[in-house]
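Worksheet for the structure shown next.
The values are calculated or read from the model by the stated rules, or taken from the named source; none is laboratory data. These figures come from a predicted structure and were not determined experimentally. Here the Cβ positions follow ideal geometry from the backbone for every residue, glycine too, while neighbour counts run over all protein chains shown. The accessibility values were calculated without ligands, DNA or RNA, using every heavy atom of the protein model including side chains. Shrake-Rupley method; radii C 1.70, N 1.55, O 1.52, S 1.80 Å.
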Amino acid sequence: MAPRHDTSFSRGMGPVPASTGIGLKASHYRALLETRPSLSFLEVHPENYMGDGGPPHRYLEALAGHYPLSFHGVGLSLGGAGPLDRDHLARWRALVDRYSPALVSEHVAWSVHAGIAHHDLLPLPYTEESLAVLAGHVAEMQDALGRQVLVENPSSYLRFAWSAIPENDFMVELARRSGCLLLLDINNVHVSARNHGFDPRAWLSAIPAGLVGEVHLAGHAGIIVGDREILIDDHGSRVRDEVWLLYRETVRRIGPRPTLIEWDTNVPDLPVLLAEARHADTIMHAREQSHALAG
Amino acid sequence: MLSLAELQDQFSACLQASEPGQNGLEGMVAPGVPPSASLAIYRNNVHSRFADALADVFPATRRIVDDAFFRFAAGCFVEAHPSRAGTLIGFGREFPVFLRAFEPAASLPYLPDVAALEFLHRDAFHAADAPPLDAGLLHALADRHGDALCLTLHPSVRLLSAPFAVLDVWQANLQDDPAPMTIAGHAEHLLIIRPDADVHVRRVTEAGFAVLGALGDGLPLGRSIEAAASLPGADALPAELAALIAHGAFTHAHLETRT
C-alpha cells in the first residue's frame with residue numbers, strides 16, 4: 001500500500017493539515033472570529049493587504065492567531081515578458097515577514113506589461129520562451145521571499161497556435177526547473193478542458209503526486225457566444241458536480257492535500273462556504289477510509 | 001509566431017482600447033467562437049474589474065451620476081490613468097481631479113469634491129495605525145510649553161476643503177434613496193481621521209483647518225495659531241484644539257528646536 005500521506009507538499013512550508021480551507025472575505029471577518037469554525041487554513045490575496053494599516057490588517061492579525069494563512073497572489077505577473085515589479089515584490093516580502101503564511105502561491109499567467117497592470121490573469125503561449133521567463137520569475141520570487149512557492153494552472157478562453165507544449169507538461173517542467181510546487185486548480189482544468197476540448201482526466205493524470213502542494217476548488221459560470229457555451233471561472237457559485245468528481249478521482253490518486261474553496265463574487269454567508277468545505281473534507285476522508293479498508 | 005513581448009504588447013493594446021476590436025490576434029485559437037469574442041471576454045473582465053474597484057471606493061459618486069454614467073466615466077479614467085501597481089489599493093487617487101476636467105460631468109460641479117472625500121475616506125482606512133497621544137498628557141504639555149510645542153498629526157489624518165457642503169451630499173448619497181436636497185453653497189473644511197478602527201469625518205472651522213495644515217507642515221503650535229488668527233473660528237480655537245486632541249488627531253509632541 002502506498003504511504004497514506006505524501007508529505008512532500010510541506011517542504012519549506014509551515015504545517016497545514018491536509019484538509020480544507022476557505023478564501024477569507026471581509027464580509028466574514030467577524031463571523032469567523034466569533035464562531036471560529038474548524039478550518040485547515042484561510043487564504044487571502046496579499047494584494048488586498050498591501051495598505052499600511054487599518055481594519056484589514058487588524059482582522060488578519062486576529063485571525064492569524066487561530067488559523068494558518070495562505071497567501072495567494074494575483075498581481076505579480078510571473079509570465080510577464082518584462083522584469084518583475086520590484087516594489088510589488090518588496091510589499092510581498094513585508095507581508096510574508098509579518099504574517100509567516102503557511103502557504104505562498106501565484107499563477108501561471110501575466111497581468112502587467114510595460115508598467116501597466118491589467119489586474120487579470122491573462123493567457124500565455126506554452127513555449128520554451130514562456131517556460132524560461134516563468135522559471136526565472138518563479139526563482140526570483142522564491143529568492144525574494146526566501147521560500148518555496150506554489151504556482152497555479154490557469155483557466156483560459158483562448159490559446160495560441162504556436163503553443164507547442166501541452167499545458168500539463170508545461171506545469172510539470174516549470175516545477176522541475178524552478179523548484180516550485182504546483183497548486184492544482186481542478187475547476188480551472190475543467191473550465192479549460194471544456195473551452196478547448198481536451199480530456200481533463202488525461203490532463204490531471206500526468207501531474208506527479210509529489211509536485212502537488214495544494215488544490216483549489218471553485219464554481220464557474222457559462223456564457224453563450226454565438227452557438228457555443230464558454231465556461232468562465234467566476235468563483236461565484238458552488239463547486240459543480242463535474243468538478244467534485246474530478247476532485248474525488250484526484251485525491252484518490254495523489255492523497256489528501258490542503259484544499260481551498262474559492263468564492264470571490266456573489267460571496268454567500270459563511271455557512272454556505274463551510275458546507276462546501278465540509279463536503280471536500282468528506283471526500284478526502286472517504287479516500288482515507290477506503291485505504292484503511294483496503295489495507 | 002510572436003515573441004512573448006510582442007504578444008503582450010498587442011494583447012495589452014486590445015485590453016486598453018476604448019472599443020472591442022473586430023479581430024483576434026495572430027495565432028489566437030478559440031474553438032467554436034471567433035477569436036475576437038474570446039479576446040472580448042478578457043477585455044470585459046478587465047474593464048469591469050476596474051469599474052467595480054472604483055465603484056467600491058466611490059459609492060456616493062456613483063449614486064449621484066447612476067451606474068451607466070459611472071462606468072462610462074470609469075472607462076475614460078482608466079484610459080487616461082492606467083493602473084501601475086500590482087495592488088488596487090490606492091487605485092483611483094486621480095479620479096477626483098479627472099472628474100473636475102471631465103466635460104460630461106460639468107453640470108455637477110460638486111461631484112469632484114464628493115469623489116475627493118470618498119478617496120480620502122478610503123485612504124484613511126488603509127493608513128498606518130498609531131495610538132493617539134494621551135489627552136491628559138498632551139494638555140499638561142501644552143500648559144507647560146505652550147507655543148513651542150510641535151504636534152505630529154495621526155498618520156490617518158486627511159484634510160479636505162470644498163466650496164460646497166460636501167459632507168451632507170456624501171452622507172445623503174450613501175443611502176439607497178436620498179431625498180432631494182438643496183446643496184448649501186458655503187465652503188466646508190473637513191478632517192478625515194481613523195484614530196482606531198473606524199474612519200470619522202468631522203467639520204472643522206477654517207481657523208482649525210489652517211492650524212492642522214500648519215502643524216502638519218511642522219510649525220509649532222504658537223505660530224500655527226498665529227497664522228490662523230484672522231480666519232473664521234479663530235476665537236474658539238482653544239476649544240477646537242481640545243476637541244481635536246479628544247478625536248485623536250495627534251500622536252507625538254516635541255519642543256521646537258531652534259537653530
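In this label model, residue A:173 and residue B:177 are separated by 6.2 nm, measuring between points 7 Å along each Cα→Cβ vector.
Percent of Cα pairs in the range A:7-294 per distance bin of 5 Å, from zero to the largest separation: 1, 5, 13, 17, 19, 19, 14, 8, 3, 1, 0, 0.
For chain A, DSSP calls about 25 percent of its internal beta bridges antiparallel. Interface B/A, total buried accessible area with a 1.4 Å probe, nearest 100 Å²? Interface area, both chains combined: 4100 Å², rounded to the nearest 100.
Residue-wise HN-Hα couplings along the range B:85-100, as the Karplus relation 6.51 cos²θ - 1.76 cosθ + 1.60 with θ = phi - 60° gives them from phi, are 10, x, 10, 8, 5, x, 5, x, 3, 8, 4, x, 5, 4, 5, 4 Hz; Gly and Pro carry x. Distance between the 7 Å Cα→Cβ label points at residue B:143 and residue B:187: 3.6 nm. Using the Cβ-Cβ distance between residue A:286 and residue B:19 with R0 = 45 Å, the FRET efficiency computed as 1/(1 + (r/R0)^6) comes to roughly 0.30.
Computed over the range B:1-110, the P(r) tail beyond 16 angstrom holds 63 percent of alpha carbon pairs. Take the range A:7-294 with all the other protein chains still there, run a 1.4 Å probe, and you get 36 Å² of accessible area per residue. Size descriptors for the range A:17-75, from the alpha-carbon set: Rg then Dmax equal 11.1, 32 Å. Within the protein assembly as shown, DSSP assigns beta bridges of which about 50% are antiparallel (rounded to the nearest 5).
Taken over the protein assembly as shown, the percentage of Cα pairs per 20 Å bin, counting from 0 up to the bin with the maximum distance, is 19, 47, 27, 7, 0. Note on residue B:5 and residue A:61: their simple-model spin labels are 4.4 nm apart, each label 7 Å out from Cα toward Cβ. Taking the accessible area of the range A:7-294, probe 1.4 Å, and keeping the other protein chains in place, the carbon and sulfur fraction comes to 52%. Taking B:49, B:194, B:93 as the candidate residues, the one with maximal mean-square fluctuation in a Gaussian network model of chain B, Cα springs under 10 Å, is B:49. Note on chain B: the C-alpha convex hull projects to 19.5 nm² when averaged across all orientations.
Between amide H atoms placed 1.01 Å from N, distances below 5 Å from residue A:105 occur with A:71, A:72, A:73, A:150, all of them 5 or more places distant or on a separate chain. Across peptide B:44-54, the average count of Cβ atoms from other chains found within 10 Å of a residue's Cβ is 2. Here chain B has 54 percent of its accessible surface on carbon and sulfur atoms, given a 1.4 Å probe and all protein chains in place. Near residue A:185, the amide H atoms lying under 5 Å from its own belong to A:153, A:216; only residues 5 or more places off or on other chains count, and H is placed 1.01 Å from N. Using every pair of alpha-carbon atoms in the range A:189-229, split the distances into 10 Å bins beginning at 0 and state the percent of pairs per bin, rounded to integers. In whole percents, the pair-distance histogram is 22, 47, 23, 8, 0. Other protein chain C-beta atoms within 10 Å of residue C-beta, averaged over A:156-164: 6. Rounded to the nearest 0.05, what FRET efficiency do residue A:48 and residue B:72 have when you use their Cβ-Cβ distance and R0 = 22 Å? Given R0 = 22 Å and the Cβ-Cβ separation, E is 0.25. Accessible area per residue for the range B:130-259, computed on protein heavy atoms with a 1.4 Å probe, is 52 Å². Shown for the range A:216-261 is the translational diffusion coefficient from the Stokes-Einstein equation, using the Kirkwood radius over Cα pairs, a temperature of 4 °C and a viscosity of 1.567 mPa s: 109 µm²/s. Counting only protein heavy atoms and a 1.4 Å probe, the range B:1-108 has 46 square angstrom of accessible area per residue. Rg and Dmax of the range A:181-295, based on Cα coordinates, read 14.7, 52 Å.
Relative to the longest principal axis of the Cα atoms of chain B, helix B:206-216 runs at roughly 80 degrees.
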